[in-house]
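Reading through the structure tokens given below for one structure.
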Protein chains: 2
Amino acid sequence: MKSAHADELDTAERLLATASRLFYAHGARAVGVEWIVAESGVAKTSLYRHFHTKDDLIAAFLEREDREFWTQWDKVVKAVAGDPRRELMALLDWIGQRVSRDGYRGCPQINVAAEFSDRDHPARTIRARHKAAMFERLKALTRRIGTRQPDDAAYQIALLVDGAFTSDGRLSRVGATRILQSAARALLGGERVRGEPSRARTKSRGRRRRVAGTAPQ
Amino acid sequence: MKSAHADELDTAERLLATASRLFYAHGARAVGVEWIVAESGVAKTSLYRHFHTKDDLIAAFLEREDREFWTQWDKVVKAVAGDPRRELMALLDWIGQRVSRDGYRGCPQINVAAEFSDRDHPARTIRARHKAAMFERLKALTRRIGTRQPDDAAYQIALLVDGAFTSDGRLSRVGATRILQSAARALLGGERVRGEPSRARTKSRGRRRRVAGTAPQ
DNA sequence: TGACGACGCTACCGATCGGTATCATGATGC
DNA sequence: GCATCATGATACCGATCGGTAGCGTCGTCA
């Protein structure tokens with residue numbers, strides 16, 4: 001619906017893709033607009049036609065990361081949908097793989113927001129919204145799981161996840177997925193009522209089935 | 001042993017104190033040397049006589065933070081020394097208070113290291129050393145506690161701590177210390193052998209005594 | 001054919017970046 | 001008194017920062 005050759009990437013998308021790559025790899029303040037212009041092959045004037053300021057471009061980058069993150073989250077959940085425990089394990093597996101990727105440099109929301117001290121900077125507000133959404137999703141999950149004090153468990157799992165994001169390769173060297181999943185199991189199962197049987201949740205449909213890509217222990 | 005008025009702060013110390021405050025509050029790249037010079041009241045020439053480059057100043061800042069962090073850590077441990085569980089709980093209480101302070105803006109090692117993509121940048125190497133030291137100390141603690149798979153538990157607690165560091169005020173609003181300590185208890189106690197009594201570690205000297213500043217639950 | 005819109009190119013803006021050279025000042029130790 | 005040393009003040013460096021103005025070009029659509 002645009003013009004000319006619709007097969008090629010839109011100018012704004014090319015800019016945003018290049019800016020996102022550079023911002024993530026080097027930090028928002030470390031990347032000047034000239035660098036983005038040179039790398040994307042788009043004129044600087046065009047950059048400022050689509051994004052009025054560099055901060056707008058940074059905001060667009062974080063919004064884009066936010067959307068892609070939840071898209072993948074939903075995809076992971078959908079693949080094992082039904083048992084909330086399996087959903088959580090699959091999510092932790094996905095995050096474990098994510099932080100183990102080559103070139104992984106942490107959570108873009110955390111990294112970029114840390115570069116700006118102004119509380120009203122878009123990077124700060126977008127991060128806040130992103131992390132609040134993360135907690136809400138985890139809370140919904142722990143409630144469905146039926147843990148005692150599900151909100152606390154959700155916070156604790158969020159801590160594990162953010163910790164994994166900032167682990168800078170340390171976690172992946174010892175098995176990120178394994179560490180995350182076993183921690184979550186301890187947090188969810190460790191608060192059960194004394195005397196209650198330790199394994200075997202009551203609603204046991206398909207229990208203890210392995211999640212794709214999940215280490216047995 | 002220096003000169004003139006020894007009661008006043010040394011020039012280098014004044015510079016480093018000002019630079020540390022600004023670097024932490026605004027980020028290393030956001031703070032120019034002119035700003036540090038203006039804020040500290042020290043001439044720019046003096047800055048470069050003590051710190052050859054801005055990167056040197058950044059490195060000195062992180063080294064300073066590292067030293068102060070472990071100094072406080074040791075102090076917290078010393079106050080309750082003896083029972084490793086109580087040491088861990090006291091440390092988590094300290095961290096819970098730390099991340100709840102006004103103006104807390106996350107772990108300086110994590111924040112500043114994220115601003116530099118060069119793996120050889122001092123911020124990157126100092127952070128790596130700092131986080132490795134954190135893991136070693138936690139590992140020593142979990143081993144003394146006698147947890148099953150103490151290395152895994154140490155990693156998991158490190159994730160909680162780094163997650164708390166990056167929580168940006170979210171954690172403190174729900175009780176940082178409480179969340180951290182209950183998570184650690186679950187991680188340490190959740191792996192006990194099936195059938196074994198759930199509370200009451202065998203070496204029970206002074207067990208279940210409250211740690212200063214610790215919430216009952 | 002002619003208007004329009006999206007884009008690229010070049011040249012430029014003032015401000016700030018990290019870093020240096022030069023010289024004056026003032027206190028210390030001998 | 002004199003040499004030494006740490007510091008301050010000023011002026012400057014080239015490079016880069018985010019951002020803009022002006023103009024030419026090309027494809028689309030009526």
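The values are calculated or read from the model by the stated rules, or taken from the named source; none is laboratory data. Here the structure is a predicted model, which means the values were calculated and not measured. Positions of Cβ are backbone-derived with ideal geometry, glycine not excepted, and every protein chain shown enters the neighbour counts. Ligands, DNA and RNA are excluded from the accessible area calculation, which covers all protein heavy atoms including side chains. Shrake-Rupley method; radii C 1.70, N 1.55, O 1.52, S 1.80 Å.
Odds and ends about this structure:
- Förster-model FRET efficiency, 45 Å R0, residue B:12 and residue A:78, C-beta, rounded to 0.05: 0.20
- The mean count of C-beta atoms from other chains within 10 Å of the C-beta of residues in B:135-145, rounded to a whole number, is 0.
- Where segment B:63-121 is the region considered: accessible area per residue in Å², 1.4 Å probe: 45 Å²
- Among the GluC sites (Glu not before Pro) in segment B:1-80, those located in a DSSP loop and surrounded by at most 15 other Cβ atoms within 10 Å of their own Cβ are B:8.
- With R₀ set to 56 Å, the beta-carbon distance separating residue B:39 from residue A:149 gives a calculated FRET efficiency near 0.75.
- Sorted shortest first, the distances from the residue A:120 label point to those of the same residue in the other copies are 4.3 nm; each point sits 7 Å from Cα along Cα-to-Cβ.
- The residue A:49 and residue A:174 beta-carbon pair, evaluated with R₀ = 56 Å, returns a calculated FRET efficiency of approximately 0.70.
- Here is how far apart the residue B:174 label points are across copies: 2.5 nm, shortest first, using a point 7 Å from Cα toward Cβ.
- Loss of accessible area when B meets A, both sides summed, Å² nearest 100, probe 1.4 Å: 3600 Å²
- Partner chain coverage, peptide B:161-174 - average Cβ within 10 angstrom: 6
- Across peptide A:109-117, the mean count of Cβ atoms from other chains lying within 10 Å of each residue's own Cβ comes to 6.
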